[in-house]
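Structure record follows, encoded as structure tokens.
The values are calculated or read from the model by the stated rules, or taken from the named source; none is laboratory data. Since we're looking at a predicted model, the values are computed, not measured. Here the Cβ is made from the backbone with ideal geometry for all residues, glycine too, and neighbour counts use every protein chain on show.
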Amino acid sequence: MSSVWDDVVGQSPTVDLLRRAAADPLHAYLFVGPHGATKRQAARAFAAMLISGSDDPTTRDARLVLNGEHPDVHEVEREGSAILMPAAREIVRLSSLAPNESDRKVMVLHEFHLLSPAAAAVLLKTVEEPPPSTVFLILADHLPPELVTIASRCARVLFHSITDEMVADRLVGEGVDPETAHEAARSANGDLERARLLAGDPELVVRRRAFATVPEHLDGNGATVMRLVDELIELIDRAAEPLVERQTAEAVILQERIERFGERGSGKKALEERHKRELRRHRADELRLGLAELAGTYRDALVAERVERPEAAAEAVHHLHEAIAAIDRNPNEALLLQALLWSLPVLSR
């Protein structure tokens, strides 16, 4: 029998906890765990149970919640590199409104590890004492200092990384051949949605090798760095093509619906914003994967003693990991790669 929880992978104890909590929910929950650990899917599943009263995904309310379209479930996404004061004020306003159709309103706040201190101060009182009909579901990859005070007002729900084996098993169950499924799972870093995209990406191995072999082409020449960056950016552009094709199909379906029923209430703006977020996230994931491959090359070179100055290779690994951490702030990709490649040491052949 299908369930609203079917897309929540590798989180059985957490799902059991949330199933029980849905019968008598608290005012605020903080879902904490790495990106790709199906927190988003769990938030929608929990919201569906809170709104519909069951875990049956076929009811009208559940279908709308799971598709992100229910009028009493507000999902708030960041715009730009952080969640700032205007977004915080809008969250406060929305949370104060009465539900439209249900007895309860659910506020799902995504990527709250990127909350600015000023926005956190605005939200604290509302999260601590929301209206009786409002439940907050706050999602964060980790707990930065800005989120600690708000976290103390929430019930914390932990999510763990999904193992590569679990991701591969899910892909195989969806019809992907085992070899492709395992390669996609290994490259997706525990992110099932990304693994699904990568499973249909014939250039995955090419991109991984392109990043991993960058040190073989470095020669201390700026023109070489510029050429390598252009090649890597082109590979990232091509990697987004399957996602763009899917988004184009979604936009065509929506346009047909608009032509039939009109644009009012169609969700066009929400779809456009979601597509922008998906593309931004996809490119960020590609950069993370590539830089991790590059860092692995320098770690392997240290072990094999292929560097004249081991401290330079160790410093390169450190800089690469700093760059990976900075990707959430939406840096200019070309400038980031140019600065990194220019700073990296040349490896002996």
- Message: Out of the residues in the stretch 132-162 meeting the condition of being touching a residue at least 60 places away in the same chain (Cβ under 8 Å) and of a type in the set (S, T, N, Q), tell me which one is farthest from G36 (Cα to Cα).
- Response: T134
- Task: Residue by residue through the stretch 144-163, note down the ones that are out of contact with any His (no Cβ under 7 Å at 6 or more places or on another chain) and over 18 Å from P13 (Cβ atoms).
- Result: P145, E146, V148, T149, I150, A151, S152, R153, C154
- Message: Please go through the stretch 154-165 and give me each residue that is in a helix (DSSP H, G or I) and crowded, with 16+ Cβ neighbours inside 10 Å, ordered by number.
- Response: D164
- Do we have E129 as of a type in the set (D, E) and in contact (Cβ under 8 Å) with a residue 60 or more places away in the chain here? yes
- Scan the stretch 235-286 for residues that are over 19 Å from S187 (Cα atoms), assigned to a helix (DSSP H, G or I), free of Cβ contacts under 8 Å to residues at least 60 places away in the same chain and of a type in the set (D, E) and jot them down. E245, E250, E256, E259, E272
- Item | Positions within the stretch 321-349 being within 13 Å of R288 (Cβ to Cβ), of a type in the set (G, A, S) and surrounded by fewer than 17 Cβ atoms within 10 Å (Cβ to Cβ), in sequence order | A325, A326
- Of the candidates A42, A21, A48, the one satisfying the condition of being under 15 Å from I162 (Cα atoms), at pLDDT 95 or above and either assigned by TED's automatic domain parsing to the domain that holds T149 or over 23 Å from the mean Cα position of the chain (by Cα) (or both) is A42
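Here's the yes/no breakdown for (1) at pLDDT below 90; (2) surrounded by fewer than 17 Cβ atoms within 10 Å (Cβ to Cβ):
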| site | (1), (2) |
| --- | --- |
| L109 | no, no |
| P130 | no, no |
| S133 | no, yes |
| P144 | yes, yes |
| S152 | no, yes |
| R170 | no, no |
| P178 | no, yes |
| R194 | yes, no |
- Message: I'm trying to understand the selection: among the residues of the stretch 301-320, which are in a helix (DSSP H, G or I), out of contact with any Leu (no Cβ under 8 Å at 6 or more places or on another chain) and either surrounded by fewer than 14 Cβ atoms within 10 Å (Cβ to Cβ) or small (G, A, S) (or both)?
- Response: V303, A304, E311, A312, H318
- By residue number, the members of the stretch 24-41 that are under 18 Å from T134 (Cβ atoms), in a loop (DSSP other than H, G, I, E, B) and out of contact with any Pro (no Cβ under 7 Å at 6 or more places or on another chain) are D24, P25, L26
- Please state which of the following conditions G33 fails to meet, knowing it meets all the rest: (1) in contact with a strand residue (DSSP E or B) (Cβ under 9 Å, 6 or more places away or on another chain); (2) modelled with pLDDT of 95 or more; (3) farther than 19 Å from V122 by Cα; (4) not acidic (D, E). (2)
- Residue within the stretch 59-66 that is over 17 Å from V127 (Cα atoms), surrounded by 13 or more Cβ atoms within 10 Å (Cβ to Cβ), basic (K, R) and out of contact with any strand residue (DSSP E or B) (no Cβ under 7 Å at 6 or more places or on another chain) present: yes
- Item | Sole exception among (1) among the charged types (D, E, K, R); (2) out of contact with any Phe, Trp or Tyr (no Cβ under 9 Å at 6 or more places or on another chain); (3) surrounded by 13 or more Cβ atoms within 10 Å (Cβ to Cβ) for E234, by number | (3)
- Examine the stretch 101-113 for a residue that is outside the structural domain of A270 (by TED's automatic domain parsing), over 23 Å from A155 (Cα atoms), more than 24 Å from the chain's Cα centre (by Cα) and of a type outside the set (G, A, S), and state whether such a residue exists. yes
- Taking the stretch 210-225 and keeping only residues that are part of a helix (DSSP H, G or I) and at pLDDT below 90, one is left with E216
- Message: So R280 ticks every box in (1) of a type in the set (K, R); (2) surrounded by 14 or more Cβ atoms within 10 Å (Cβ to Cβ); (3) under 30 Å from A326 (Cβ atoms) but one. Which box is left unticked?
- Response: (2)
- Item | Failed item, numbered, when G190 is tested on (1) part of a helix (DSSP H, G or I); (2) surrounded by 19 or more Cβ atoms within 10 Å (Cβ to Cβ) | (1)
